[in-house]
């Protein structure tokens with residue numbers, strides 16, 4: 001929307017949020033909306049130029065918010081609102097220093113990411129990438145059936161095994177939703193390692209409630225150290241936040257401790273898993289398979305990436321939140337956060353930048 005020349009507060013939107021969400025901004029007569037209309041990452045120079053004097057910015061994860069951008073915006077900027085849960089693309093200390101509020105979009109993508117997590121576990125255990133390759137490459141007619149050809153570890157336990165242990169690195173809302181989806185498969189035990197700063201009494205009360213909710217199928221639920229998490233998990237879900245504290249928690253040493261028929265799923269942050277170590281673990285068969293929706297360095301994952309050379313690595317291009325319902329909710333929340341921020345009201349989902 002071109003500038004009308006009026007001295008209305010300006011909001012810069014770095015991606016078209018669609019016909020259901022954009023009118024929440026464009027139909028208001030008390031703000032000026034400047035929109036990057038192309039369906040690609042907003043041009044950096046365009047953003048630096050148009051952000052001047054803005055009171056709010058709505059971004060997605062591809063826009064870098066750093067000192068340069070904030071300097072270009074100037075002192076009027078009140079809020080940065082990102083259509084994402086992660087905020088690695090935002091220099092939070094710079095926001096805190098300038099008293100700029102930060103909105104983000106947690107919770108609304110819980111179910112979508114939990115769905116993908118279970119899907120990846122099934123794909124990895126049942127060799128989806130490897131077996132679909134046989135069909136894609138026209139090799140099925142030449143394939144010779146054998147009693148144990150193309151077999152993999154089954155996720156469900158009914159009539160097959162007496163127990164199945166799932167592990168979680170990170171045990172927040174998405175992990176809880178994933179666990180709920182796994183109970184009908186016959187999961188019997190759950191172990192996890194999570195934020196050590198959470199109070200013991202809180203975790204005890206929460207775990208007792210979760211265990212009660214999923215009994216009698218779920219026999220146990222307990223917090224463990226990383227060593228135990230690696231050794232005991234039949235399926236391990238990585239759903240931890242990114243950042244320096246969690247970088248490469250899953251490394252060569254960790255992967256060597258896992259079971260040979262275990263499956264690793266990463267739908268959290270790519271930086272938590274050392275890609276080279278995971279590729280080696282798959283190549284040398286320390287673990288059975290992997291299903292990952294996030295990769296360190298994404299989207300720069302070319303054909304020569306070590307994980308793409310491993311048939312039992314099932315890779316998705318970070319589509320955990322990619323359902324119509326979830327993306328609509330995320331876009332709406334991003335706009336609501338921005339509007340609340342520029343009017344100095346309580347934001348539906350605000351990250352306390354001074355607490356980080």
Suppose a student asked you for the relative contact order of the range 210-305, using Cα pairs under 8 Å spaced at least 6 residues apart; what percent would you report? 26
For the range 52-200, compute Rh as the Kirkwood radius over C-alpha pairs and then the Stokes-Einstein diffusion coefficient at 10 °C and 1.306 mPa s; write the answer in µm²/s, rounded to an integer. 81
Take 305, 248 and order them by how many other Cβ atoms sit within 10 Å, fewest up front. 248, 305
Rg and Dmax in Å for the range 212-356, alpha carbons only: what are they? 18.6, 57
Efficiency of FRET from Cβ geometry, residue 173 and residue 355, R₀ 22 Å, rounded to 0.05: 0.70
Based on C-alpha coordinates, I'd like the Rg and Dmax of the range 281-356, in Å. 19.0, 57
Points 7 angstrom from Cα along the Cβ direction at residue 45 and residue 253: gap in nanometres? 4.8
Based on DSSP H runs of at least 4 residues, each adding -39500 (n - 2.57), what is the mean residue ellipticity at 222 nm of the chain after dividing by all its residues, to the nearest 500 deg cm²/dmol? -9000 deg cm²/dmol
Taking every Cα atom in the range 142-299, find the radius of gyration and the maximum pairwise distance Dmax, and write them in Å. 16.2, 59
Hey, rough spin-label estimate for residue 130 and residue 88, points 7 angstrom out along Cα→Cβ, what's it come to in nanometres? 2.9
For an R0 of 25 angstrom, estimate the FRET efficiency from the Cβ-Cβ distance between residue 217 and residue 323 and round to the nearest 0.05. 0.40
What FRET efficiency comes out for residue 145 versus residue 260 if R0 is 25 angstrom and r is the Cβ-Cβ distance? Round to the nearest 0.05. 0.55
Spread of Cα-to-Cα distances over 10 Å intervals beginning at zero, given as percent, for the range 181-274: 14, 44, 35, 6
Bridge type composition, the chain - antiparallel percent by DSSP, nearest 5: 5
Residues of the range 22-49 with amide N under 19 Å of a point placed 7 Å along Cα→Cβ from residue 71: 44-49
Just rank 27, 78, fewest to most, by other beta-carbon atoms within 10 angstrom. 27, 78
Taking the number of other C-beta atoms within 10 Å as the exposure measure, put 174, 144, 31 in order starting with the fewest. 144, 31, 174
Assuming 1.306 mPa s and 10 °C, estimate D for the chain with Stokes-Einstein, Rh taken as the Kirkwood radius over Cα pairs, in µm²/s. 72
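Computed from the coordinates by the stated procedures, all read-outs in this text should not be read as laboratory data. From a predicted model like this one, the values you see are computed outputs, not experimental measurements. Ideal geometry is used to build each Cβ from the backbone, glycine not excepted, and the neighbour counts take in all protein chains shown.
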